[in-house]
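What follows is one structure encoded as structure tokens, with my remarks underneath.
The values are calculated or read from the model by the stated rules, or taken from the named source; none is laboratory data. Treat the numbers as computed from the prediction; the structure is a model and nothing was measured. Because the Cβ atoms are built from the backbone with ideal geometry, glycine has one as well, and the counts that use them run over all protein chains shown.
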Amino acid sequence: MIASTPTTSTRIHEDLPDHLLSLLDPSTYPHPVNEISLIQTHISWVFLTGGYVYKIKKPVDFGFLDFTTLNKRKNACLDELRLNRRLAPDLYLDVLSIYICNDCYLIGKPDESADQIVDYALQMVQFDQQDLFSNRLMHGNFNPRWMDQLGKIIADFHLNADTNPHIKQYGSPEFLLRHMLENLDIAERNPPAGLSVSDLKILGAMSSEHMKQLEKRLSERQQSGYIRDCHGDLHLKNITLYNSQPTPFDCIEFSDEFRMIDTMNDVAFLVMDCDSIERSDLGYRFLSRYLERCGDYEGVDLLPIYLSYRAGVRGKVSSLLAQELMNNEASSSLEVESLHSQATHYFLMAKQYLSENQNPELIVVAGLSGSGKSHLALTALEHLKAIIIRSDATRKRIAKDHPELPMYGNEMHRRTYRAMFDAAATTLRAGIPVILDATFLHPASRESAAALAAELDVPLTFYWLDINNETLRERVQQRSRKGVDISDADLQVLEQQIGQHEQPSESYIIYIDSSRSWPPIKSSTAIG
């Protein structure tokens, strides 16, 4: 892929065609080159030159992709460029020709003296592999705020992604079930250590049963326009930090069927990937920010089936890689065992997603602006897979449809809380815990939260963050200066809150002095 730390490799590769051997020569390129490295995948040769990467399709036919002719390889490069520039325009640069000129191979834009075009290469920017999200997490230099940014990026991407009758056809439940069962069929041919064919067949039966129950919902999503031209392969190894911005790359370009999917299916891959490395807090932080941007809370009831499917995809890939190593005499048994362990891990995750008992609960984090509500809500994700719904983000989303209303006026206030409670009800009915992050200054809003929990028969935990007014003023001023907080509440808004609110007296409220450290939220069952 385009993410790599280059290592010098100038030896002759006897298995390479002549025009690719020439790419090991710096004089072939239209720019200075000091080092050249070659990486091979099943479908590509990738040449790293320091500043740029050149990706050439192998002339292979695997059924789901066919690069056997020059024209097909050209079109595949053009598709990869076009599709990936939607999210990574600064990384994907051009499609260049590999051509003959004066008996020499060159790469670039051929002129009239060129004798023949022999192949095509996708030109990309080479970035440091250490900036991949997967590597930054592995090495402990990951900023969780990048998940906030990524949630907005993917939400906007999905809202603007194409949808039409051709795209919508791939949202049929039959496609998803076939993909899920194909993952298991591949693994059944060579079951990973720790799993039997019987175990995989049980997972297949569970998948079929869940799909039968969800067939109507999946069809509704298909008809409602949620099947879009997505990324299709959105996981931690396909996201890098480039120019201080989370940048997804390497979308699926070779198969409409695997890319044109439900938007919730697209985001589920990243949530599952975070679960797999025991960083569910990051996955649900991303999901929370994604949902508050696009408002697709109706889709969360499909999250378990999509999470299971994505875990199965990873299990299948690990199984295939293990089989390839087993057929390679140079590979070690430890490598094969590691891949078998990964496959087992993913298939067990796939089963767990379909087996988890639903234990929704409603947690409210309330207090004046600057009291630390958002910080406390995020700490909860370290112990609880929950979706955070913030009043500030909800207000901004619905304000786009009501530009005539003052942002902090009474009518916008009512609409904001109504939208929050609607989203919370939908999410809780889907079996997912909810954390509401809002001021809840008015008794009516607190009563509505308690009524919602009672109506849905879920536990309610209500925190009120207490803090002295001077500290509140300092915090609000500080975040206004930094300009990175989603809240638009300035000192004027805070002073109004201070002047109007009364200390809540409801018996169910837990008071916290947020000028000091506080214990993390775990769940209602863990709160004494």
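Among the candidates N143, N135, which residue alone is out of contact with any strand residue (DSSP E or B) (no Cβ under 8 Å at 6 or more places or on another chain), exposed (fewer than 14 other Cβ atoms within 10 Å of the Cβ) and farther than 19 Å from A350 by Cα?
Working: N135 fails: exposed (fewer than 14 other Cβ atoms within 10 Å of the Cβ).
Exactly one of N143, N135 is out of contact with any strand residue (DSSP E or B) (no Cβ under 8 Å at 6 or more places or on another chain), exposed (fewer than 14 other Cβ atoms within 10 Å of the Cβ) and farther than 19 Å from A350 by Cα, namely N143.
For segment 13-28, the count of residues that are among the hydroxyl-bearing types (S, T, Y), at pLDDT below 95 and under 30 Å from D156 (Cβ atoms) is zero.
Residue count for segment 204-234 satisfying the condition of being among the small types (G, A, S), surrounded by fewer than 22 Cβ atoms within 10 Å (Cβ to Cβ) and either assigned to a helix (DSSP H, G or I) or in contact with a Ser or Thr (Cβ under 7 Å, 6 or more places away or on another chain) (or both): 5. Being under 21 Å from R82 (Cβ atoms), among the hydrophobic types (A, V, I, L, M, F, W, C) and in contact with a Ser or Thr (Cβ under 8 Å, 6 or more places away or on another chain) is the requirement here; does I261 meet it? Here the answer is no, as I261 does not meet what is asked.
Does at least one position in segment 250-272 carry a residue that is at pLDDT 95 or above, buried (at least 20 other Cβ atoms within 10 Å of the Cβ), in contact with a Leu (Cβ under 7 Å, 6 or more places away or on another chain) and over 17 Å from F157 (Cβ atoms)? Looking through segment 250-272, at least one residue is at pLDDT 95 or above, buried (at least 20 other Cβ atoms within 10 Å of the Cβ), in contact with a Leu (Cβ under 7 Å, 6 or more places away or on another chain) and over 17 Å from F157 (Cβ atoms).
In summary, I261 fulfils each of the numbered conditions (1) part of a helix (DSSP H, G or I); (2) closer than 28 Å to Q149 by Cα; (3) of a type in the set (A, V, I, L, M, F, W, C) with the single exception of condition (1). Using the structure shown, decide if K237 is in a helix (DSSP H, G or I), in the same structural domain as G204 (by TED's automatic domain parsing) and free of Cβ contacts under 8 Å to residues at least 12 places away in the same chain. No: the conditions fail for K237. Determine whether D115 is over 16 Å from K57 (Cα atoms) and assigned by TED's automatic domain parsing to the domain that holds G51. Yes, satisfied. Number of residues in segment 15-58 that are assigned to a loop (DSSP other than H, G, I, E, B) and either charged (D, E, K, R) or more than 24 Å from D90 (Cα to Cα) (or both) equals 7.
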